[in-house]
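The values are calculated or read from the model by the stated rules, or taken from the named source; none is laboratory data. Here the structure is a predicted model, which means the values were calculated and not measured. Heads up, the Cβs are rebuilt from the backbone with ideal geometry, glycines too, and the neighbour counts pull from every protein chain shown.
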Amino acid sequence: MTRGMNRRQFNKALAATAATTALQPFGIVRAQSSKLKVGVLLPRSGVQSFFGQSCQKGADLAPGLLKEMLGVDIELMNADTETSVDTARTRAERLIQEGANVLVGPFDSGAAGAIAQVCEQRGVPFVINIAAAPQITEQGYKFTFRNFPTSVDLVRNGLGLMRDLFQATRTAPRSAVFMHVNDTFGQANAKAIGAIFPTLNYLPFKIVDTISYDPAAKDLTVEVSKAKATNADFLLLVCRVNDGIILRREMVKQRWNPMGIIAPGNPGMYEDQFYKALGRLSEYCISNVPWYDPKSDLANTIEKAFDRQNPKDKLMFHALNVGYTFEALMIAADAFKRAKTTAPRELAEAIRQTEIRNRMMLGGPIKFNAKGQVDGNLSACIQNLNLRPTVVLPAAAAEAKPVFPVPDYRKT
């Protein structure tokens, strides 16, 4: 028995310690706080740096807006994954050690898979902002949640919009060449297209060849030459922003001018960097992607805050990244408000019970299924018109009519 403490006091203290430890999984014991500490993991450097910096704009809006909306204090603990899966894993470990109550991020599917493993081992909730590989929410994880479509959903929605595009423009292309980055995201999209496309009888074209390439490639001469040689009517493209710029320049260099370039569910071609680097060569590219609802109250609130915080920028060039990052932080804040604790298990259970109807992005309410996945996120057909991303489908949300086939860039 400890000196200065009788047996009854010692047993009472021991019971209190055991109870506190039992509330914290895997031995993580923390004092409760009135502030939610959120570790934000994003690729702010490396080949995906533009996307990470774009997502960070959404994260930076969250503390002020969520304090006003929910009365919740949030402290951001920012970390750079450097577009590296290994770095994402080590930074996730460090953030948890430094006291993060929940992790948010990381834009990349490979990094998301690594962070999810860390969070499951450490028993800390993880809310994915953007990452589409289906396997992330197929592992039976208890602490991982995703409010973003899987690659299967992205492709299914994107192919459906292609049907609508061809109907709206009264066209019927007969062939496509499919090019995609060979990272985790690109491979997941390729797998989804391979599984879904053969089951669809409403699309008029066939895929004549599939060509993969490294998203960090500095030269795509061979790949573009191979794609051009197929004589496909249009290019079906899963890219990132940097490789998308290189690819588009190489198409011009090789004088390849197909009916159009259509992305079935990926970022890159509607990003500000794409317009700045290519100018008029960025025109008419089409991206079928999850998008924000400009008519929603939350979108209007976020746009006003974005304009104040980024006076030289426009939300339209960051809509997907800002919207889904902000919603991920809103999910964490909403759960913290309901749970009234930062205890990991209770916080994870509150996230699991989320039902948020006032949102920025297109789709139904944010509700997680048994796997921790939100169903019902929707896409829009975005075409680059007058150097800005413009909604052309669905018709109810359209800002302009779609253009397909696209004009020859040498005549515009």
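How many residues does the range 343-396 hold that are in a strand (DSSP E or B) and among the hydrophobic types (A, V, I, L, M, F, W, C)?
Final tally of qualifying residues: 11.
Here is a list: Pro204, Pro215, Pro173. Which entry is in contact with a Cys (Cβ under 8 Å, 6 or more places away or on another chain), in the same structural domain as Pro394 (by TED's automatic domain parsing) and in a loop (DSSP other than H, G, I, E, B)?
Pro215
What is the one condition in (1) modelled with pLDDT of 95 or more; (2) crowded, with 24+ Cβ neighbours inside 10 Å that Gly123 does not satisfy?
(2)
Which of the residues belonging to the range 332-355 are aliphatic (A, V, I, L, M) and in contact with a helix residue (DSSP H, G or I) (Cβ under 6 Å, 6 or more places away or on another chain)?
The answer is Ala333, Ala335, Ala339, Ala343, Leu347, Ala350, Ile351.
Please determine whether any residue of the range 41-64 is modelled with pLDDT of 95 or more, in contact with a Pro (Cβ under 8 Å, 6 or more places away or on another chain) and of a type in the set (A, V, I, L, M, F, W, C).
Yes, some residue in the range 41-64 is modelled with pLDDT of 95 or more, in contact with a Pro (Cβ under 8 Å, 6 or more places away or on another chain) and of a type in the set (A, V, I, L, M, F, W, C).
Pull up the range 251-266, narrow it to residues that are crowded, with 19+ Cβ neighbours inside 10 Å, of a type outside the set (A, V, I, L, M) and out of contact with any Gly (no Cβ under 9 Å at 6 or more places or on another chain), then point me to the one that is nearest to Asn386 (Cα to Cα).
Residue satisfying both the conditions and the ranking: Gly260.
Which number in (1) surrounded by 24 or more Cβ atoms within 10 Å (Cβ to Cβ); (2) in the same structural domain as Thr342 (by TED's automatic domain parsing); (3) not in a strand (DSSP E or B) marks the one condition that Met162 misses?
Condition not satisfied by Met162: (2).
If you scan the range 229-277, which residues turn out to be part of a loop (DSSP other than H, G, I, E, B) and under 28 Å from the mean Cα position of the chain (by Cα)?
Cys239, Arg240, Gly260, Pro264, Gly265, Asn266, Pro267, Gly268, Met269, Tyr270, Glu271
For Leu42, only one of the following conditions fails: (1) within 17 Å of Gly323 (Cα to Cα); (2) crowded, with 24+ Cβ neighbours inside 10 Å; (3) out of contact with any Gly (no Cβ under 9 Å at 6 or more places or on another chain). What is its number?
Status for Leu42: all satisfied but (3).
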